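Data first, discussion second: the structure below is written as structure tokens.
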Amino acid sequence: MTMGQTLSNSSSSGAPELTPGVLDVDPVLAIGQEPVDADADLKDLLRWASDLQQEQPMVLGYPEALDFRDHDLAPLLDVLVNNVGDPGSRDASGVSAKAHELAVIQFMAAMAGTTVDEVYGYITTGGLEGIERGPELARERLPHAAVYASDQAHYGVRKAARRLGMRVVSVPSRPDGSMDPDELRLRIAVRDYVPLGTRGARRQTPPRRHPAGDLRHYLPRRLRRRGDPASSCSAGGEVHVHVDAAMGGVIAAHAPSELSWSIADGADSLSMSGHKVIGAPVPCGVFLARRDLVGGGEVGAEYVGATDRTWGCSRSGLAVLLLWRRLRAWGHQGLRQRVQSCLDTAAYAAETLATVPQAAVDRVPNTVKSSRQRDGCGV
């Protein structure tokens, strides 16, 4: 069986369309029975990397940091670093970077207003893994729950819910992009099953419009209890609040103004990306959850010798080391400076674009969206 997607002819609008089909493998890159010239492949790969580096200054709008330089860590590519199982569990491999991972988790926990004694966490392959792990925890204690997600939530929310067999209830958003609390209250009232909670109030992947704001604003004011999001929907039943803080979490934690978004503000679990604001040459992220919601962990096979509550079992120790190095070099002070630089750049972009005739500029703290009417057409 062959599965995949191919690029079909362009649509009438001129945009290419993806349709199901057989993967078209470039014959130059095909892997066959006989070995090929390794030196020639090396030259091609280095040329490809050089082309990417030249393109980086012109990459605009995609939420990934590109200003990292890790070539001095090239020797790490000659060793296997495999973090098997839980970061706090010893394993039999002896080739892990779990000590470094625990240091990263400790730092990220502090960022989220908590400690490693209060939360369980680990380094993920990216934001979507955390998006899945959060509702999976909720499903364990709320097996018939639904996922209440903003209509602007990342597509990964629906993808994760489908794989978990959970129903998604889409909640309309307000003009500023935040979830409409009245619409949320209405959907809770008309459903005859226990709600899971709110999802996806943080991600800033285009075409998202809003920043990481106040988590409590996404919940019905009348149902709040001492401002705790986890109990805000108590009239509809027990809830689990997962925060998709892919990009906004690091920014919210280090922005000049105080924002509510984290474990300290009532979230039960959250996920953040490591390659967006912090920056890394490989996709990675962090998942955190209240420790009392995570079970004791299954013991892996005898040859593993570790407890494992992660999704991946074997996880990239290289990603751990890259994040550890970056965070050690910056600390919270360096991240505050980095976030301020992002905000200043966004402010400059908004002010400059506003001088363009007929341009409409919409700015949230670190994201600028601009459109311009030209000859009756939006650009």
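The values are calculated or read from the model by the stated rules, or taken from the named source; none is laboratory data. Quick caveat: nothing in here was measured; it's all calculated off a predicted structure. For neighbour counting, all protein chains shown are included, and Cβ atoms are generated from backbone atoms with ideal geometry for every residue, glycine included.
Taking the stretch 346-366, which residues are farther than 15 Å from Pro256 by Cβ and assigned to a helix (DSSP H, G or I)?
Once the filter is applied, which keeps residues that are farther than 15 Å from Pro256 by Cβ and assigned to a helix (DSSP H, G or I), the stretch 346-366 yields Tyr348, Ala349, Ala350, Glu351, Thr352, Leu353.
Name the residues in the stretch 51-104 that are farther than 22 Å from Glu118 by Cα and charged (D, E, K, R), would you?
Asp51, Glu55, Glu64, Asp67, Arg69, Asp70, Asp72, Asp78, Asp91
Residue check: is Thr355 over 21 Å from the mean Cα position of the chain (by Cα) and either of a type in the set (Lys, Arg) or not assigned by TED's automatic domain parsing to the domain that holds Ala110 (or both)? First the steps, then the outcome.
On the way: over 21 Å from the mean Cα position of the chain (by Cα): yes; either of a type in the set (Lys, Arg) or not assigned by TED's automatic domain parsing to the domain that holds Ala110 (or both): yes.
So Thr355 fits the description; yes.
The conditions are (1) surrounded by fewer than 15 Cβ atoms within 10 Å (Cβ to Cβ); (2) in contact (Cβ under 8 Å) with a residue 24 or more places away in the chain; (3) out of contact with any strand residue (DSSP E or B) (no Cβ under 7 Å at 6 or more places or on another chain), and Arg291 fails exactly one of them. Which is it?
With (1) surrounded by fewer than 15 Cβ atoms within 10 Å (Cβ to Cβ); (2) in contact (Cβ under 8 Å) with a residue 24 or more places away in the chain; (3) out of contact with any strand residue (DSSP E or B) (no Cβ under 7 Å at 6 or more places or on another chain) applied to Arg291, the lone miss is (3).
Restricting attention to the stretch 307-328, which residues are crowded, with 19+ Cβ neighbours inside 10 Å, assigned to a loop (DSSP other than H, G, I, E, B) and among the aromatic types (Phe, Trp, Tyr)?
none
What's the number of the only condition in (1) of a type in the set (A, V, I, L, M, F, W, C); (2) surrounded by fewer than 17 Cβ atoms within 10 Å (Cβ to Cβ); (3) within 20 Å of the chain's Cα centre (by Cα); (4) within 21 Å of Thr310 (Cα to Cα) that Leu80 fails to meet?
Condition (3) is where Leu80 drops out.
One line per residue, one yes/no per condition, for (1) hydroxyl-bearing (Ser, Thr, Tyr); (2) closer than 29 Å to Ala280 by Cβ; (3) out of contact with any helix residue (DSSP H, G or I) (no Cβ under 7 Å at 6 or more places or on another chain); (4) assigned by TED's automatic domain parsing to the domain that holds Ala349:
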| site | (1), (2), (3), (4) |
| --- | --- |
| Leu23 | no, yes, yes, no |
| Pro27 | no, no, yes, no |
| Ile31 | no, yes, yes, no |
| Ala38 | no, yes, yes, no |
| Lys43 | no, yes, yes, no |
| Trp48 | no, yes, yes, no |
| Tyr62 | yes, yes, yes, no |
| Leu66 | no, yes, no, no |
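All but one of (1) surrounded by fewer than 18 Cβ atoms within 10 Å (Cβ to Cβ); (2) at negative phi; (3) modelled with pLDDT under 90 hold for Leu259; which doesn't?
Of the numbered conditions (1) surrounded by fewer than 18 Cβ atoms within 10 Å (Cβ to Cβ); (2) at negative phi; (3) modelled with pLDDT under 90, the odd one out for Leu259 is (1).
Across the stretch 170-182, what is the number of residues that are part of a helix (DSSP H, G or I) and either crowded, with 19+ Cβ neighbours inside 10 Å or in the same structural domain as Arg363 (by TED's automatic domain parsing) (or both)?
Residues that pass the stated criteria total 1.
Filtering the stretch 49-64 down to residues that are farther than 21 Å from Cys342 by Cβ and hydrophobic (A, V, I, L, M, F, W, C), which residue is nearest to the chain's Cα centre (by Cα)?
Leu52
Any idea how many residues of the stretch 254-306 are in a helix (DSSP H, G or I) and of a type in the set (A, V, I, L, M)?
Adding up the residues that qualify gives 3.
Would you mind finding the one in Val190, Val157, Val171 that is within 25 Å of Lys369 (Cα to Cα), without any contact (Cβ under 8 Å) to a residue 40 or more places away in the chain and of a type in the set (A, V, I, L, M)?
Answer to the selection: Val171.
Any idea which residue in the stretch 92-139 is surrounded by the fewest Cβ atoms within 10 Å (Cβ to Cβ), counting only those that are touching a helix residue (DSSP H, G or I) at 6+ places or on another chain (Cβ under 8 Å) and among the acidic types (Asp, Glu)?
Asp117
Can you go through Val304, Val364 and tell me which one is surrounded by 15 or more Cβ atoms within 10 Å (Cβ to Cβ) and touching a His at 6+ places or on another chain (Cβ under 6 Å)?
Result of the check over Val304, Val364: Val364.
Which of the residues belonging to the stretch 121-130 are farther than 15 Å from Cys313 by Cα and out of contact with any Ser or Thr (no Cβ under 6 Å at 6 or more places or on another chain)? Can you show your working first?
So in the stretch 121-130, the residues farther than 15 Å from Cys313 by Cα come out as 127-128.
Within the stretch 121-130, Leu128 is the sole residue that qualifies.
When you check Ala74 against the structure, is it among the aliphatic types (A, V, I, L, M) and either within 15 Å of Gly285 (Cα to Cα) or at pLDDT 90 or above (or both), yes or no?
The answer is yes for Ala74.
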